[in-house]
1. Please work out if residue A:67 is under 20 Å from residue A:132 (Cβ atoms), open to solvent by 10 Å² or more (accessible area, probe 1.4 Å) and charged (D, E, K, R).
2. Please enumerate the residues belonging to the range B:183-205 that are open to solvent by 30 Å² or more (accessible area, probe 1.4 Å) and under 29 Å from residue B:396 (Cα atoms).
3. Restricting the search to the range B:67-77, which residues are open to solvent by 10 Å² or more (accessible area, probe 1.4 Å) and either touching a Gly at 6+ places or on another chain (Cβ under 8 Å) or among the hydrophobic types (A, V, I, L, M, F, W, C) (or both)?
4. For residue A:40, all conditions in the list (1) over 22 Å from residue A:85 (Cβ atoms); (2) surrounded by fewer than 18 Cβ atoms within 10 Å (Cβ to Cβ) hold save one; what is the number of the exception?
5. Every residue in the range B:462-496 that is open to solvent by less than 60 Å² (accessible area, probe 1.4 Å) and within 26 Å of the chain's Cα centre (by Cα), please.
6. With a cut-off of at least 2 residues that are facing chain A (nearest Cβ under 9 Å) and more than 25 Å from residue A:271 (Cα to Cα), name the helices (runs of 4 or more DSSP H) lying wholly within the range B:4-105.
7. How many residues does the range B:350-373 contain that are closer than 28 Å to residue B:501 by Cβ and open to solvent by 40 Å² or more (accessible area, probe 1.4 Å)?
8. What's the number of the condition residue B:175 fails, among (1) closer than 30 Å to residue B:378 by Cα; (2) in the same structural domain as residue B:397 (by TED's automatic domain parsing)?
Amino acid sequence: MALVTFTKKGIYCRQGDFYIDPWLPVDYAVITHGHGDHVRFGNKHYLCHTLTGPIIRQRISTDLQVETQDYGKTVTRNGVKISFFPAGHIIGSAQVRLEYQGEIWVISGDYKTEYDGISTPFEPVRCHAFVSESTFGLPVYKWQKQDVIFNQVKSWIADNRQRDKTSVLIAYSLGKAQRLIKNLAGDMPIYVHNSIANLNEALEQAGVHLPETIRITADTRKEELKSGIVIVPSAMRNSRWLKNLSGPVTGICSGWMQVRAHRRWQSADAGFALSDHADWPGLLEAIKATGAEKIYVTHGFTATFSRFLNENGFDAKEVITRYGDDEAEIKLDTPEKTTNQELTN
Amino acid sequence: MKRFAKLIQQLELSNKTNDKIEALVHYFNFTDDKDKVWVIALFTGKKPRRPVKAALLRQWVKELTQLPDWLFTESYHNVGDLSETIALLLPPAEQLSDHPLHQWIESLHELEGKDDEQKKQFILHAWNSLEPQERFIFNKLISGNFRIGVSNKMLVNALAKQSNTDSSQIMHSIMGKWDPYQITFQELIQGVHVNTDNSWPYPFCLAYALDTEPEKLGAPDEWQAEWKWDGIRGQIVKRAGELFIWSRGEELVTEQFPELWFLQDMLPDGTVLDGEILAAKNRQVLPFSVLQQRLNRKKISKKQLEEAPIGFFVYDLLEYQGQDYRSQPLSERRKKAEELLSALDDDSPVNLSPIISCSSWGELAALRETSRSVNSEGVMLKKRDSLYHSGRKRGDWWKWKINPYTVDTVMIYAQKGSGRRANFFTDYTFAVRDGENLITIAKAYSGLTDQEIREVNTFVTKNSLEKFGPVRTVRPELVFEIAFEGIAASKRHKAGIALRFPRILRWRKDKNVSEINTLTDLQQLLQSTLEQPGDETN
Ligand SMILES: [Zn+2]
Ligand SMILES: [Zn+2]
């Protein structure tokens, strides 16, 4: 019996009787990171990284039984050692390492290999079996260095300012927003939507230092926003509030913006290929570094990526999960609210 | 080329005309004159000849990246554009350099006649010196396919603004015959070439679709109503003894229509007519499918001349006695056109497109319902005092089309889209009933809401019967109403019928597959369109 199996409820460790990022309610859930498709409501017990604790309390409910631990520390359940290693995806994101009688598995959750200035950098972990995401598992997705992208964003903002427009960046409240704040902080004030401000507060209370931002309230004047940078989640994208700003121009930061067809589909004014997921070389490099004999490929270009791995000397398998696409900042324009997570599954 | 790459990026991202014009003006202000000429050429569809085949480019990329063929194909499917796929797959450039656009074009031009190895050396070297966005542009220069969402009008407005020149003069100039390898930017703006060239046409005046009740347009007697014909919009130019026939696509088609050559003797010099090239016999318009037999043919046989005779239905007079007549009111232009064509025989292939006389909007609405019986697709409304505008302008001309034909069909195949929609089945094939079988009748995509696309997607995933590459055969259950503009006999289609501009009108969740239309229904429709107008009354 393998240490880890893939079941209807999620990735399961029978020996330890716990799940990793389950999508249906379970008794004991080990959580890789705070994105909604990886951590869901209804589990009896949550085990996650120290910084993910306040995130899920803030995002899901304060009324959860959450146990946290730092990177490198170990919890043992029925002989299975559970430890966390940095995944570099967002603040608090962890790869879950499991060890039992010498057999080692690593479940990556979401990860990226480039340091983003705010999340603890990705660390490869040697293992026998590696469960990897594949959100951008196609060779056309090769990121430019984040400095290059941030310079593009900055010159876009400067340009907007010159044309007397309000720069609005659309970003996922958890992860992308903090990354933008950290890397854009400087000469201009940064105004953030409530959902982002709330998360920032929770993170700061947990000891994360973030540059100063200003919460947007009903009293915030339009003129004031024009002289700063506005960051809002995608739900605000078609809101009346945004349209009523003074000359709003919107920019989307997502790995999908690498491709013109995606950029045009979004009908935003600018698209920046800034991702919190590993690109094609990043995925390959990470997988190689684990030294794993078995690779399980989850959410993303699963079929393509596992086929490529198999043709290149790895033993890879496609795994169907219910994880979504946290880079699809912009949902399809639908009359009702449906998330892309349901779409990509 | 960096500057040009930036321009393209700006044009692609903005969806507001003013922003695009602003970006163009900015570009024209700061760029090399030689580059400007090429940008105008590329944006108006003057393609340099393709110096290297796409298959070779693909082969070289695979050599460079060591990627298997299937992965290249999947990447292409996700990106949806070959030039871009190549640009994204290539390894990062090692020594960047910046040459102006025209230099790249000239270097590519010089590749003509060289062998593949020499071409390869040049292309690989170029790729290795360009950033991803520039590489994409460079690849586009090779393929010559530059559709970037800049209309001629937008381009002309930007040039007019930048060079302080009258926009109609520039429109004339860039629509005329010129060679980007020869002409200078100044010559192009001043229109030196069109002053000596007799062939140049005027920009067509276009109409918007009527989106309100006609009553809102005011009194009916302020308007001239005509049939809206479904043919090839064209201009006939007669200057200095020569005759030129232009199609709306700004193509010279004089050779294709010998029926109209007599106008060379009949029209006085300095005359330009706007009208519609149609299949017609005895001044009766035949269906578009008949005209189709005459399109894009180098040689026309006698049989074709007999079976698919064409005519020219004149709408307007743009130049009269060598004078630009476009700023005269329509009523005046029409009067002069009538005078000019009064000498034509009743059976001449050229005639004035008739005015529909009516005294009220209600009467016109009733007449419009009969459009199909004269093979028209509705009614045109033109303000009697309107000038002949360049391009589209709201308010003076309206097209008031009749509703399309529709047919109920069932979906039998589904295929994934490209780009962001690569995860969804968005392209569908539809069938009608043919006895016990289903027979493919149309392919269509779009027309559904995103919510519906999602539902269809779920259905397809659960009800796939077979898989051929990206195509799924699905259980024939979902009924869709397909709208289309015309119907024609076709040997290339298994059903023997081709629909024109098919699109999804709505998903008929209220119907099941036993209620869809049959091939016989469509054959009858085809037959009825082929019968001569007027036959019905017999
Ligand atoms: Zn995530
Ligand atoms: Zn994920």
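The values are calculated or read from the model by the stated rules, or taken from the named source; none is laboratory data. Predicted, not measured: the structure shown is a model, and the values here were computed from it. Note that each Cβ is placed from the backbone with ideal geometry, even for glycine, and that neighbours are counted across all protein chains shown. Protein only, heavy atoms only, side chains kept; ligands, DNA and RNA dropped before computing areas. Shrake-Rupley method; radii C 1.70, N 1.55, O 1.52, S 1.80 Å.
1. Numbers: under 20 Å from residue A:132 (Cβ atoms): no; open to solvent by 10 Å² or more (accessible area, probe 1.4 Å): yes; charged (D, E, K, R): yes.
No, not satisfied.
2. B:200
3. Our first condition is that a residue be open to solvent by 10 Å² or more (accessible area, probe 1.4 Å); within the range B:67-77, this holds for B:67-70, B:73-74, B:76-77.
Of everything in the range B:67-77, those that are open to solvent by 10 Å² or more (accessible area, probe 1.4 Å) and either touching a Gly at 6+ places or on another chain (Cβ under 8 Å) or among the hydrophobic types (A, V, I, L, M, F, W, C) (or both) turn out to be B:67, B:70.
4. Every condition holds for residue A:40 apart from (2).
5. B:481, B:482, B:483, B:484, B:485, B:486, B:487, B:488, B:490, B:496
6. Working: elements: B:17-30, B:33-43, B:54-65, B:69-79, B:82-89.
Here the list reads B:69-79.
7. 8
8. (2)
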